[in-house]
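Peer 1: Here's a structure for you.
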Amino acid sequence: MIVVVAPPARARASGGARQALVAVAQLRLMVLSLLFGFGMLVVIGKLALLALWAEPATARDIAATLIPPRGDIVDRNGAPLARTIDAWSIAIHPNQVIGDKGALAQKLAELIPEQNAGHYYALLNSGGNFAFLKRRAMPELVNAVNALGEPAIEFQREPDRLYPQSNMAAHVLGFLDGQGHGVSGMEKVLDSQLSDPARRGQPVALSIDARVQAALENELGRTMTDLQARGAGGVILDVRTGEVLAMTSLPSFNPNALQGSPPPNNVTQSVYELGSTFKPIAVAAAIDSGTITSMARRFDATKPLHIGRFAINDDPGDEQFRWLNIPETLIYSSNIATARIADELGAEKLQGMFRRLGFDRRPAIELGGARPLWPTFWARVTVMTSAYGHGIAVTPLHLASAYSALVNGGILRPATMLKVDPAHAPAGQRVLQESTSARMRQLLRLIVLKGTGRKGEAPGYRIAGKTGTGEAAVAGGYDKHRNVSTFAAAFPIDAPRYVMVVMLDSPKANPALGVYRTTAAWTAAPVVSRVVSRTGTLLGVAPDNNRDIDESELLPLIWQGPQTAQGVQ
């Protein structure tokens, strides 16, 4: 028999309480589930609204979404030239402004004076969803605008391209567009490399030395101002590697605050008739081809040279009115004697030299450049005048590369803006015999010691070079009141390391500064002297007054006084 014993009253009461607690817990769980589901619906609804009504990403997030991470550009020693930084931007949502729009517009005009209060008031009343007030804002400005307390104002951090040296090497570096892509200069050349995420943190080293670049810009800019020149250009090349140690073009621009189109790069994008700087090239062609075998060979410069209706004269003050040998032709910069040499050399050989030096094509450098003005028809008079830089126009970079070949043993190497390992320098192309180059080093040194290049000397640095002054070309002819003054130099000439070309467009005399003429001897040559004096040691060239190239075999050929007898042709 089974006896069923009923639970005591206390046990029954305890079971009921547990059931009540379970019921309450279930109710609470159901409420939480409903709340969670409602929250999910709200989130989904918000996402749907954003998908339907959100503004395009390019308006607010242009920097974050379109500007890729961009590598730094540094000089050959690692000094920063272009880098990407985090910057502030100040923006506003006009359709969300809750304060007094008139008062806010006035305060914005005071803090951000690029626009007036009327502009800001119109913007605040435009009903637009988003607009930038200031890009690249300084932290102080961000704090001041934030203190206005307007909730519709928004502050963003975005990547920005900074050129810490301001306008230094601006034409070399170039600048970016609004989407962060290179528009000009090395920013354009290196665009894919700098934007490659796989190379993040790996800067690209250029060939330029920021210290040398600063010195060249300073001296050239000061001279351009003092002589009221229209423009200027300068370049320094390593004759062994083709590296550009410095390149400047004036007027310049600030890539941090570019307004309008920048001026052209006068070193690579502008061509000039560079005058008598071509004479050593013509003489080198004559020596190299065997047209001239003796430095004592003389050419008649007693009177102007007439070719048909044309007359070739020597510049006033430089005339010798006598027969000149090869060193004298260059020292006194005789157009007449040079024209006679070119006439004997002939069109084919002179053109051949010019073509080997690249004077018939754009400059060989990453930046690209202008195509030279090459004569369409090489008449006899064209051959004569082009030998002294008249009737053919090239860039200053063309000339610098040519002079590198004149002094480095006869090898033409392409110029480059990228740092080169000396052990892996390009082989280049032979354009002159080594013996011709050795002779040209002597002749170029004599021009500085005895001729028109004397103001280009820098004590201890053994500078050699040639001045050139040509009339400025204008539509339909030449402006006789303007000239292009150029000095092409190499140093130290006993063991050539560097070539420098300095050019001034339309300089004016300034007697107060001791500049009495506008020729290159007075205007461009002194710039080279000062730049070399400032940068020689930075470039690894120690001044030494006890060293020099041996030109003793040529010194007896130089005229020492009045001469009564003509030389032999």
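The values are calculated or read from the model by the stated rules, or taken from the named source; none is laboratory data. The structure presented is a predicted model; accordingly, all values stated were derived computationally and were not measured. Neighbour counts run over all protein chains shown; Cβ positions are idealised from the backbone, glycine included. Ligands, DNA and RNA are excluded from the accessible area calculation, which covers all protein heavy atoms including side chains. Shrake-Rupley method; radii C 1.70, N 1.55, O 1.52, S 1.80 Å.
Peer 1: Exactly one of these conditions fails for Ala488: (1) open to solvent by 40 Å² or more (accessible area, probe 1.4 Å); (2) under 27 Å from the mean Cα position of the chain (by Cα). Give me its number.
Peer 2: Ala488 satisfies all of (1) open to solvent by 40 Å² or more (accessible area, probe 1.4 Å); (2) under 27 Å from the mean Cα position of the chain (by Cα) except (1).
Peer 1: Do you know which residues across segment 408-435 are surrounded by fewer than 20 Cβ atoms within 10 Å (Cβ to Cβ) and more than 29 Å from the chain's Cα centre (by Cα)?
Peer 2: Listed by number, the residues that qualify are Gln433, Glu434, Ser435.
Peer 1: Considering only segment 67-95, how many residues are farther than 16 Å from Asn146 by Cα and either open to solvent by 30 Å² or more (accessible area, probe 1.4 Å) or in a loop (DSSP other than H, G, I, E, B) (or both)?
Peer 2: Qualifying residue count for the region: 17.
Peer 1: Return the residues of segment 446-468 that are farther than 18 Å from Val531 by Cα, open to solvent by less than 20 Å² (accessible area, probe 1.4 Å) and in a helix (DSSP H, G or I); say none if nothing qualifies.
Peer 2: Leu446, Ile447
Peer 1: Identify all residues within segment 491-506 that are surrounded by fewer than 23 Cβ atoms within 10 Å (Cβ to Cβ) and either of a type in the set (Ser, Thr, Tyr) or without any contact (Cβ under 8 Å) to a residue 24 or more places away in the chain (or both); write none if there are none.
Peer 2: Ala495, Ser506, listed by residue number.
Peer 1: On to the next question. List the helices (runs of 4 or more DSSP H) inside segment 122-206, counting only whole elements, that have at least 3 residues being under 29 Å from the mean Cα position of the chain (by Cα).
Peer 2: Details: elements: 139-146, 170-173, 185-189, 191-195.
Counting at least 3 such residues, we get 170-173, 185-189, 191-195.
Peer 1: Restricting the search to segment 371-411, which residues are in a helix (DSSP H, G or I), under 16 Å from Pro280 (Cα atoms) and in contact with an Asp or Glu (Cβ under 9 Å, 6 or more places away or on another chain)?
Peer 2: Val383, Met384, Ser404
Peer 1: Follow-up. Among what's in segment 233-282 and is of a type in the set (A, V, I, L, M, F, W, C), more than 24 Å from Val532 (Cβ to Cβ) and more than 12 Å from the chain's Cα centre (by Cα), pick the residue that is surrounded by the fewest Cβ atoms within 10 Å (Cβ to Cβ).
Peer 2: Selected residue: Ala257.
Peer 1: Go through (1) farther than 30 Å from Leu432 by Cβ; (2) open to solvent by less than 10 Å² (accessible area, probe 1.4 Å); (3) touching a Gly at 6+ places or on another chain (Cβ under 9 Å) and name the single condition Ala205 misses.
Peer 2: Unmet condition: (2).
Peer 1: Test of understanding: among Leu245, Leu237, Leu274, which residue is more than 30 Å from Ala337 (Cβ to Cβ) and at pLDDT 95 or above?
Peer 2: Values: Leu237 fails: more than 30 Å from Ala337 (Cβ to Cβ); Leu274 fails: more than 30 Å from Ala337 (Cβ to Cβ).
That would be Leu245, the only listed residue that is more than 30 Å from Ala337 (Cβ to Cβ) and at pLDDT 95 or above.
Peer 1: Would you confirm whether or not segment 227-236 contains a residue that is outside any loop (DSSP other than H, G, I, E, B), free of Cβ contacts under 8 Å to residues at least 40 places away in the same chain and in contact with a helix residue (DSSP H, G or I) (Cβ under 6 Å, 6 or more places away or on another chain)?
Peer 2: So far as segment 227-236 goes, no, none of its residues is outside any loop (DSSP other than H, G, I, E, B), free of Cβ contacts under 8 Å to residues at least 40 places away in the same chain and in contact with a helix residue (DSSP H, G or I) (Cβ under 6 Å, 6 or more places away or on another chain).
Peer 1: Any idea which residue in segment 421-445 is nearest to Leu357 (Cα to Cα), counting only those that are in contact with a Lys or Arg (Cβ under 9 Å, 6 or more places away or on another chain) and assigned to a loop (DSSP other than H, G, I, E, B)?
Peer 2: The selected residue is Val431.
Peer 1: Any chance segment 315-326 includes a residue that's open to solvent by 50 Å² or more (accessible area, probe 1.4 Å), small (Gly, Ala, Ser) and within 40 Å of the chain's Cα centre (by Cα)?
Peer 2: Within segment 315-326, one or more residues are open to solvent by 50 Å² or more (accessible area, probe 1.4 Å), small (Gly, Ala, Ser) and within 40 Å of the chain's Cα centre (by Cα).
Peer 1: In addition: Taking segment 488-547, which residues are out of contact with any helix residue (DSSP H, G or I) (no Cβ under 8 Å at 6 or more places or on another chain), of a type in the set (Ser, Thr, Tyr) and in a helix (DSSP H, G or I)?
Peer 2: Across segment 488-547, the qualifying residue is only Ser533.
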